[in-house]
Amino acid sequence: MAKPIIDPEFHSLIPLLTDDERIQLEENIKAEGCRDALVVWEGILLDGHNRLEICERLGLPYKTTTIELPSREAAADWIDRNQLGRRNLTPDQMRLLRGRRYNRAKKTIGKPAGTIMGQNDPISTAERLAKEHGVSPATIKRDAKFAEEVAADPELQKAVREHKPVAKAKKEKNIQVRKKRLIEETKAAIVERPVLHALDCMRYLDAVPPIDLLLTDPPYFTDGDYTAQVSAYLERVKPTGQAYVFASADPAEAEAYLGMDSHHMALIQILVWNYNNTGQRQPNDRYNSNYQLIFYYRGPDAPAINKPGDGTHQYACQTINAPDGRIGDRFHEWQKPMELIDRLIRNSSKVGDFVFDPFAGTGTTMIAAATLGRKTAGCEIDKANAKICIERGCVHEP
């Protein structure tokens, strides 16, 4: 018995088994053998791809049965009809299979009757398929448009085969498209070269040039106490410099920063970043935190704030929504909004100043500084974050 031919086009029409379905099928074949014959047309396998793979891997016998069909189009339609009749399918998979059958039939109208399903009958293709599959003709026509959309997009094809909702796949794709566009726009706006040092910031401490503006968002205390590192970098800020250090609203974290040695840098204010676009569960014994603290330091010879924007840009409480993964502008869970970082840089530095971030994350501070004509660098130890920094336009240097 010749092994059936695996035709890539036909194979791609068949939805994949879920992990549970594949495990159950293999267990059934081990216990009972391959009871159902594989279906073959002109030597090409139309049904039984998973059974064939399992039987060959386990060295078990299988049978085949040959069917007669007039064309490849008819064979493809047989596959779709067969899958609709015997598989547990997702709604999207059912839509795709019905839509493909309609589109395939419409393309063959005018060819000899019986090419696929007897198109010369007085009943319309949509009505015939609607009756066969228990839906309305309007549904069949909507399915046809859905099938065309999926056929034109390999990512959607993959999602349907893998039992993933197409709506979710489209949303994720749109997010990635917007994210890519944002990266391209940001890179095009870079004036100065943002330099990333992919190492622990304390290893770079002795090499960092005097800093005009330190702007950083250290890990929260859930990941450890980083006040020693922040303190060390505050000491590297020029007497004419300024600094902003983000912290969570946790009292213990705030207390640690309040007790930190800031050297010649005076803590002037505790600013607040307020955001109202993150959904949270309502706790039973506290309030939800929709804000973070920003410790604002000034050197003894620091110049006045630049006041480049209107008065709202100098409010101690800045209300700006957090980056949102649903619109493609978030690269990290705790990323700060570019608008906020842009304001702080404009307020506390000038073109040509050196802006440094010892906890660069995904590079927001460096990118914002570079687009504003500031010299800028930062450190990031996390490899995934460092990769995103580079994708956004940072240049890696040891």
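The conditions of being in contact with a Pro (Cβ under 9 Å, 6 or more places away or on another chain) and either outside the structural domain of residue 320 (by TED's automatic domain parsing) or aliphatic (A, V, I, L, M) (or both) are met by residue 245. A single entry from 370, 360, 377 fulfils the requirement of being at pLDDT 95 or above, within 22 Å of residue 236 (Cβ to Cβ), part of a helix (DSSP H, G or I) and among the small types (Gly, Ala, Ser): 370. Applying the set (1) under 25 Å from residue 30 (Cβ atoms); (2) exposed (fewer than 15 other Cβ atoms within 10 Å of the Cβ) to residue 66 leaves exactly one unmet item: (1). Scan the stretch 4-55 for residues that are free of Cβ contacts under 8 Å to residues at least 12 places away in the same chain and exposed (fewer than 12 other Cβ atoms within 10 Å of the Cβ) and the total you get is 8. Output the number of residues of the stretch 146-170 satisfying the condition of being within 19 Å of residue 88 (Cβ to Cβ) and of a type outside the set (Val, Ile, Thr). Residues flagged as within 19 Å of residue 88 (Cβ to Cβ) and of a type outside the set (Val, Ile, Thr) within the stretch 146-170 amount to 6. Inside the stretch 210-244, residues that are among the polar types (S, T, N, Q), over 19 Å from residue 300 (Cβ atoms) and either in a loop (DSSP other than H, G, I, E, B) or modelled with pLDDT of 95 or more (or both) make up a count of 3. Go through the residues of the stretch 320-332 one by one and say whether even a single one is more than 22 Å from the chain's Cα centre (by Cα) and farther than 30 Å from residue 205 by Cα. Within the stretch 320-332, one or more residues are more than 22 Å from the chain's Cα centre (by Cα) and farther than 30 Å from residue 205 by Cα.
For (1) of a type in the set (Lys, Arg); (2) in contact with a Cys (Cβ under 7 Å, 6 or more places away or on another chain); (3) within 30 Å of residue 170 (Cα to Cα), each residue gets a yes or a no:
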{"position": "335", "(1), (2), (3)": "no, no, yes"}
{"position": "353", "(1), (2), (3)": "no, no, no"}
{"position": "375", "(1), (2), (3)": "yes, no, no"}
{"position": "379", "(1), (2), (3)": "no, yes, no"}
{"position": "384", "(1), (2), (3)": "no, no, yes"}
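Listed by position, the helices (runs of 4 or more DSSP H) inside the stretch 1-85 whose residues that are assigned by TED's automatic domain parsing to the domain that holds residue 161 and farther than 29 Å from residue 164 by Cα number at least 1 are 19-32, 49-58.
In the stretch 278-301, the residues that are more than 20 Å from residue 320 (Cβ to Cβ) reach residues that are surrounded by 10 or more Cβ atoms within 10 Å (Cβ to Cβ) and hydroxyl-bearing (Ser, Thr, Tyr) with C-beta atoms within less than 7 angstrom, at least six apart or across chains, in these pairs: 297/262; 299/240; 301/240. Out of curiosity, is residue 89 modelled with pLDDT under 95 and not in a helix (DSSP H, G or I)? Taking the combined requirement at face value, the residue satisfies it.
To keep it simple, each residue is scored yes or no on (1) of a type in the set (Ser, Thr, Tyr); (2) surrounded by fewer than 23 Cβ atoms within 10 Å (Cβ to Cβ); (3) outside the structural domain of residue 302 (by TED's automatic domain parsing); (4) more than 19 Å from residue 367 (Cβ to Cβ).
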site	(1), (2), (3), (4)
190	no, yes, no, no
193	no, yes, no, no
202	no, yes, no, yes
205	no, yes, no, yes
213	no, no, no, no
222	yes, yes, no, yes
228	no, yes, no, yes
231	yes, yes, no, yes
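Looking only at the stretch 355-390, which residues are under 21 Å from the mean Cα position of the chain (by Cα) and among the aliphatic types (A, V, I, L, M)? Matches in the stretch 355-390: 360, 367, 384, 386, 388, 390. One residue alone among 212, 223 is touching an Asp or Glu at 6+ places or on another chain (Cβ under 6 Å) and acidic (Asp, Glu), and that residue is 212.
Do any residues in the stretch 162-186 that are surrounded by 12 or more Cβ atoms within 10 Å (Cβ to Cβ) have Cβ atoms under 9 Å from those of residues that are assigned to a helix (DSSP H, G or I) and among the β-branched types (Val, Ile, Thr), where the two are at least six apart or on different chains, and which pairs are they? Every condition considered, the pairs that remain are 166/150; 166/160; 169/160; 186/367; 186/371.
Condition check ((1) surrounded by 24 or more Cβ atoms within 10 Å (Cβ to Cβ); (2) in contact with a Leu (Cβ under 9 Å, 6 or more places away or on another chain); (3) on the phi < 0 side of the Ramachandran plot) across all residues:
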| position | (1), (2), (3) |
| --- | --- |
| 353 | no, yes, yes |
| 357 | yes, yes, yes |
| 363 | yes, yes, no |
| 373 | no, no, no |
| 382 | no, no, yes |
| 389 | yes, yes, yes |
| 395 | no, yes, yes |
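Mind checking which residues of the stretch 239-273 are more than 36 Å from the chain's Cα centre (by Cα), surrounded by 14 or more Cβ atoms within 10 Å (Cβ to Cβ) and touching a residue at least 60 places away in the same chain (Cβ under 8 Å)? 240, 241 - these are the residues of the stretch 239-273 that are more than 36 Å from the chain's Cα centre (by Cα), surrounded by 14 or more Cβ atoms within 10 Å (Cβ to Cβ) and touching a residue at least 60 places away in the same chain (Cβ under 8 Å).
The values are calculated or read from the model by the stated rules, or taken from the named source; none is laboratory data. Remember, predicted model here, so these are calculated numbers, not experimental data. Quick reminder, even Gly has a Cβ in these numbers, built from the backbone with ideal geometry, and neighbours come from all protein chains shown.
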